[in-house]
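Engineer: Have a look at this one.
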Amino acid sequence: MRKGWEPVSSRVTILVDNAVMELIPNSKFVTRLSMPDKSFICEHGFSALVEAEGKRILIDTGSVGIAVIHNLKLLGINPGDIDLIFLSHGHYDHTGGILGFTAKVIAHPSAFFKRYLLAPVGTRFDLTCHSSEMFIDRVEYHSGPLQLAKGIWTTGEIKRRHPWEMLNIFEIQKDGKDVPDDIIDDQGVIISSKKGLVVISGCGHAGIINTIEQAIELSGINEVYCVIGGFHLIGPGESKIDQTIKELKRLNVKKVVPIHCTGFEGIKKISIEMPEEFEYGTTGCRIDL
């Protein structure tokens, strides 16, 4: 274990995911907060709240901003109570709710370029973070690892150790030209817990296995307790499902909470192939670490 990686107690709450599910019993790992009289709402996108060391760190903000504000208020938390916002990358479904907050924003230098998804039918979907000019004065840019709080770090730019994890389906506009986008701004958050590393991924565009191995390298901690977030195994990413599961087993990840862009097929197969490790996560799930 390297200096600055001493374990901390923390709480992670999934504020925004593509789904919400009520009336499912809690597990020993996940507490489900959404109830008929206190219904969380979902939208396409991702946001998670990390509470540790007296700080509230918001990872991403969903796509619209309605869900993240509504769900925070169900927790008794106002937008002004957030100490820091970290953006896992610059796509709209992770940045759309920033205008509802006033906290400092941590982002990669390339997060706010124009971004596109190339669809199989020959069209492009605009993934750009819109209205960035309205909060740009409170953005702090970092491309390397950054300590957010005691025992909590960002991955910085993630090494692409496994080329099979890359998907060549994105473009970015630089100097007025659209060029292939490796989504170099994709970063994760790492929490050092007493049971091992907790890795939180927004979309895993850099590859979820690459992300985990980056966390191990940075921290000097080999035990990976939990991986939470989007693994981008949807659409063309379905070709990566089997290899991803094989690698998760090799890394001996104890708990796997795949959500958002992991997609139905990815979530289904992980639940079948890793029944002891799999945890069903949605909007409104809380994990105490």
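Engineer: Report yes if some residue within the range 154-168 is surrounded by 12 or more Cβ atoms within 10 Å (Cβ to Cβ) and at pLDDT below 95; otherwise report no.
Structural biologist: Checking the range 154-168: at least one residue is surrounded by 12 or more Cβ atoms within 10 Å (Cβ to Cβ) and at pLDDT below 95.
Engineer: Right, something else. Would you mind telling me which numbered condition in (1) in contact with a strand residue (DSSP E or B) (Cβ under 7 Å, 6 or more places away or on another chain); (2) open to solvent by 50 Å² or more (accessible area, probe 1.4 Å); (3) closer than 25 Å to TYR225 by Cα SER10 fails?
Structural biologist: (2)
Engineer: For the range 113-123, does any single residue satisfy the condition of being under 20 Å from ILE200 (Cα atoms), among the charged types (D, E, K, R), surrounded by 12 or more Cβ atoms within 10 Å (Cβ to Cβ) and in contact with a helix residue (DSSP H, G or I) (Cβ under 9 Å, 6 or more places away or on another chain)?
Structural biologist: No, the range 113-123 has no match at all.
Engineer: Something else: Can you list residue pairs whose Cβ atoms sit under 7 Å apart, with the first residue in the range 96-117 being touching a residue at least 40 places away in the same chain (Cβ under 8 Å) and farther than 26 Å from ILE169 by Cβ and the second being charged (D, E, K, R) and outside any loop (DSSP other than H, G, I, E, B)? Count only pairs 6 or more apart in sequence or on different chains.
Structural biologist: ILE106/GLU140
Engineer: OK, next. When you go through (1) of a type in the set (Lys, Arg); (2) within 24 Å of THR262 (Cβ to Cβ); (3) touching a residue at least 60 places away in the same chain (Cβ under 8 Å) one by one for ARG124, which number turns out not to apply?
Structural biologist: Evaluating ARG124 over (1) of a type in the set (Lys, Arg); (2) within 24 Å of THR262 (Cβ to Cβ); (3) touching a residue at least 60 places away in the same chain (Cβ under 8 Å) leaves (3) as the failure.
Engineer: Still on this structure: For the range 128-146, name all the residues that are farther than 21 Å from PHE101 by Cβ and not small (Gly, Ala, Ser).
Structural biologist: Once the filter is applied, which keeps residues that are farther than 21 Å from PHE101 by Cβ and not small (Gly, Ala, Ser), the range 128-146 yields only PRO145.
Engineer: Does the range 228-243 contain any residue that is open to solvent by 10 Å² or more (accessible area, probe 1.4 Å) and aromatic (Phe, Trp, Tyr)?
Structural biologist: Scanning the range 228-243, I find no residue that is open to solvent by 10 Å² or more (accessible area, probe 1.4 Å) and aromatic (Phe, Trp, Tyr), so the answer is no.
Engineer: Would you confirm whether any residue within the range 239-246 is at positive phi and either assigned to a strand (DSSP E or B) or in contact (Cβ under 8 Å) with a residue 12 or more places away in the chain (or both)?
Structural biologist: no
Engineer: OK, next. If we keep just the residues of the range 177-189 that are assigned to a strand (DSSP E or B) and among the hydrophobic types (A, V, I, L, M, F, W, C), which is least open to solvent (accessible area, probe 1.4 Å)?
Structural biologist: Only one residue fits best here, namely VAL189.
Engineer: Restrict the check to the range 259-268 and report whether at least one residue is more than 27 Å from ILE69 (Cα to Cα), touching a Pro at 6+ places or on another chain (Cβ under 7 Å) and in contact (Cβ under 8 Å) with a residue 24 or more places away in the chain.
Structural biologist: yes
Engineer: Sort out which residues of the range 16-30 are at pLDDT 95 or above and either β-branched (Val, Ile, Thr) or outside any loop (DSSP other than H, G, I, E, B) (or both), and write them in order of number.
Structural biologist: Within the range 16-30, VAL16, VAL20, VAL30 qualify.
Engineer: Quick one: which strands (runs of 3 or more DSSP E) sit completely within the range 92-176 and have at least 3 residues that are not charged (D, E, K, R)?
Structural biologist: Strands (runs of 3 or more DSSP E) meeting the threshold: 104-107, 115-118, 147-149, 152-154, 170-174.
Engineer: Sort through ILE212, ILE216 and tell me the only one that's among the hydrophobic types (A, V, I, L, M, F, W, C), out of contact with any Asp or Glu (no Cβ under 6 Å at 6 or more places or on another chain), surrounded by fewer than 19 Cβ atoms within 10 Å (Cβ to Cβ) and at negative phi.
Structural biologist: Residue meeting the stated conditions: ILE216.
Engineer: Also, quick follow-up: Within the range 107-116, is there a residue that is closer than 21 Å to PHE46 by Cβ, more than 19 Å from the chain's Cα centre (by Cα) and modelled with pLDDT under 95?
Structural biologist: No: zero hits.
Engineer: Here is a follow-up. Tell me, which residue of the range 70-91 that is assigned to a loop (DSSP other than H, G, I, E, B) and either β-branched (Val, Ile, Thr) or open to solvent by less than 30 Å² (accessible area, probe 1.4 Å) (or both) is nearest to ILE200 (Cα to Cα)?
Structural biologist: Filtering first and then ranking leaves SER88.
Engineer: Further question on the same structure: For LEU58, state whether it is of a type in the set (A, V, I, L, M), open to solvent by 60 Å² or more (accessible area, probe 1.4 Å) and either at pLDDT 95 or above or not in a helix (DSSP H, G or I) (or both).
Structural biologist: No.
Engineer: So, of the residues in the range 134-153 that are open to solvent by 40 Å² or more (accessible area, probe 1.4 Å) and touching a helix residue (DSSP H, G or I) at 6+ places or on another chain (Cβ under 8 Å), which turns out to be modelled with the lowest pLDDT?
Structural biologist: If we take residues in the range 134-153 being open to solvent by 40 Å² or more (accessible area, probe 1.4 Å) and touching a helix residue (DSSP H, G or I) at 6+ places or on another chain (Cβ under 8 Å), then MET134 is modelled with the lowest pLDDT.
The values are calculated or read from the model by the stated rules, or taken from the named source; none is laboratory data. For clarity, every value in this text was computed on a predicted model and none was experimentally measured. Glycine also receives a Cβ, built like all others from the backbone with ideal geometry; neighbour counts cover every protein chain displayed. Ligands, DNA and RNA are stripped out before the accessible areas are found, and what is left, the full protein with its side chains, is counted by its heavy atoms. Shrake-Rupley method; radii C 1.70, N 1.55, O 1.52, S 1.80 Å.
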